[in-house]
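Each remark here refers to the structure printed beneath this line.
The values are calculated or read from the model by the stated rules, or taken from the named source; none is laboratory data. Just so you know, these numbers come straight off a predicted model, no measurement behind them. Glycine also receives a Cβ, built like all others from the backbone with ideal geometry; neighbour counts cover every protein chain displayed.
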Amino acid sequence: MRRNDFPRRASYNIIMTLAHPPGSLLLALVLSACGGDDQSRQTKQAIERISLSPDGRGFVTAQSQRPFYPWGMNYGNAGRLMEDFWDADWNTFADDFREMRAIGANVVRVHLQFGKFMRAADEPDTPALNQLARTLKLAEDTGLYLDITGLASYRPADAPTWYDTMDEGARWTTQANFWAAVAKTCARSPAVFCYDLMNEPISPAGRREPGKWRSGNLLGNYDFVQFIALDPADRPREGIAVAWIRQMTAAIRRHDPDHLITVGSLPWSRKWKFLSGFLPEKIAPELDFLSVHIYPEKDLPEEAMECLRKFSVGKPVVIEETFPLSCGTGQLKAFLLASRQIACGWIGHYDGDPPEQLDALKRQGQITMTQAFYREWQRLFVELKPTLAP
């Protein structure tokens, strides 16, 4: 069993049928997908910065021009944010990186909480930035790239009062200060795959109450959606989104002219259309590639691909979040294979349990529903790696 035994997250109140092949099958798949001893040799090689491919349709390593397919995990541990424990328990954090690499990941999406990285509107938190620099070194040593998602405000209690009471102009300025500090820390590391400006931002369709920057809808005690403005003031929603992206990008480019920039977009849906106001054709010219979060729905089997096609506007597309949250693994597998028509990268979820621990819990009859989802996802992740991220 693993060294940590914290209560598991129960965010996903979903019922689905799970198949449980023997644990030896997963080990065989891991060795096949990762190349056995070859994988150990690969992690010892110096990694190269990732850039856009010459045709603008995908990614390559900057020096050797080898094709690169982002294939990875959104990182968490037992439902915890990494800043909750990486100071006191770095070994757990580092072991999780090695475990993700061992099952074939080449990208880890990390989520930086604004309140943990900014002490004041114009004062970054130096210890937090030092831990970020340490994380970059860990990524380099393990052969992983980081999708650095910033400005997170997932746990409302962690948001500074001064931050939530700012007006739009002041808030954008301090958000740009955040990104300037992060980019200055990360600029020289080849382990940065990209900067993701914010997870699931929304440009408002109407006026919101003062201080209501978050959606107010919690999932597992976290609020993953933020508004970038509270009052459109007769501005088009897509225009607000473009202006915000430009200000954040300018802050990054003052210190880092090279690493890729994206934003984690909510999906298009038949019911809500582009709920976020971040229209792909409008924001694409401002970004290096588009990222979209797609969780296929069991009762809407065609909607996931329909959504993905809406993001095919001339820039590379990465499915930055996906998981068998609202469908079975068979449906998710079919979607991921079909998505190769458009997408060139895929990122799922990891919560701190490696395959061998999940298999042991299953054999002992102690696996939770949430852990069962992660177990099925990891098995699918290993199975599809040779096809989607060769």
- Note on the structure: If we ask which residues in region 115-160 are within 16 Å of the chain's Cα centre (by Cα), among the hydrophobic types (A, V, I, L, M, F, W, C) and either within 18 Å of Thr173 (Cα to Cα) or assigned to a loop (DSSP other than H, G, I, E, B) (or both), their number turns out to be 3
- Item | Members of region 186-217 found to be among the charged types (D, E, K, R) and in contact (Cβ under 8 Å) with a residue 40 or more places away in the chain, listed by number | Asp196, Glu200, Arg214
- Item | Selected residue [touching a Leu at 6+ places or on another chain (Cβ under 8 Å) and not β-branched (Val, Ile, Thr)] from Phe289, Phe335 | Phe289
- Message: Just to check your reading of the model, which residue among Ala187, Ala170 is aliphatic (A, V, I, L, M), surrounded by fewer than 24 Cβ atoms within 10 Å (Cβ to Cβ) and more than 23 Å from Gly72 (Cα to Cα)?
- Response: Ala170
- In region 173-183, the residues that are under 21 Å from the mean Cα position of the chain (by Cα) and either surrounded by fewer than 16 Cβ atoms within 10 Å (Cβ to Cβ) or polar (S, T, N, Q) (or both): Gln175
- Task: Please tell me if Leu325 is modelled with pLDDT of 95 or more and among the aliphatic types (A, V, I, L, M).
- Result: no
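Rundown of residues vs (1) of a type in the set (Lys, Arg); (2) in contact with a Pro (Cβ under 8 Å, 6 or more places away or on another chain); (3) under 13 Å from Leu290 (Cβ atoms), yes/no style:
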{"position": "Leu230", "(1), (2), (3)": "no, yes, no"}
{"position": "Arg235", "(1), (2), (3)": "yes, no, no"}
{"position": "Ile240", "(1), (2), (3)": "no, yes, no"}
{"position": "Ala243", "(1), (2), (3)": "no, no, no"}
{"position": "Ile252", "(1), (2), (3)": "no, no, no"}
{"position": "Asp256", "(1), (2), (3)": "no, no, no"}
{"position": "Thr262", "(1), (2), (3)": "no, no, yes"}
{"position": "Pro267", "(1), (2), (3)": "no, no, yes"}
- Looking at this structure, is Ala229 surrounded by 18 or more Cβ atoms within 10 Å (Cβ to Cβ), under 26 Å from Leu52 (Cβ atoms) and either free of Cβ contacts under 8 Å to residues at least 24 places away in the same chain or in contact with a helix residue (DSSP H, G or I) (Cβ under 6 Å, 6 or more places away or on another chain) (or both)? no
- Task: Have a look at Val292, Val263 and point out the one that is under 25 Å from Ala187 (Cβ atoms) and in contact with a helix residue (DSSP H, G or I) (Cβ under 8 Å, 6 or more places away or on another chain).
- Result: Val263
- Query: So which residues in region 66-83 are within 18 Å of Arg340 (Cβ to Cβ) and either touching a Leu at 6+ places or on another chain (Cβ under 7 Å) or part of a loop (DSSP other than H, G, I, E, B) (or both), if there are any at all?
  - Reply: Tyr69, Pro70, Trp71
- Task: Looking only at region 85-103, decide whether some residue is in contact with a helix residue (DSSP H, G or I) (Cβ under 9 Å, 6 or more places away or on another chain) and among the β-branched types (Val, Ile, Thr).
- Result: yes
- Across region 196-211, what is the number of residues that are crowded, with 20+ Cβ neighbours inside 10 Å, touching an Asp or Glu at 6+ places or on another chain (Cβ under 8 Å) and not polar (S, T, N, Q)? 1
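How many residues does region 339-370 hold that are under 23 Å from His293 (Cα atoms) and at pLDDT 95 or above?
Adding up the residues that qualify gives 15.
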- Note on the structure: Within region 288-312, restricting to residues that are surrounded by fewer than 21 Cβ atoms within 10 Å (Cβ to Cβ) and aliphatic (A, V, I, L, M), the one that is nearest to Leu266 (Cα to Cα) is Met305
- Message: For the list (1) more than 19 Å from Met73 (Cα to Cα); (2) at pLDDT below 95, I need the number of the one condition that Cys307 fails.
- Response: (2)
- If you scan region 153-176, which residues turn out to be touching a residue at least 60 places away in the same chain (Cβ under 8 Å) and in contact with a helix residue (DSSP H, G or I) (Cβ under 7 Å, 6 or more places away or on another chain)? Ser153, Trp172, Gln175, Ala176
- Which one of these is surrounded by fewer than 17 Cβ atoms within 10 Å (Cβ to Cβ), at pLDDT 95 or above and within 30 Å of Phe59 (Cα to Cα): Arg109, Arg98? Arg98
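Okay, residues lined up against (1) outside any loop (DSSP other than H, G, I, E, B); (2) within 30 Å of Thr370 (Cβ to Cβ):
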residue	(1), (2)
Asn177	yes, no
Thr185	yes, no
Leu197	yes, yes
Ala205	no, no
Ala233	no, no
Ile240	yes, no
Thr262	yes, yes
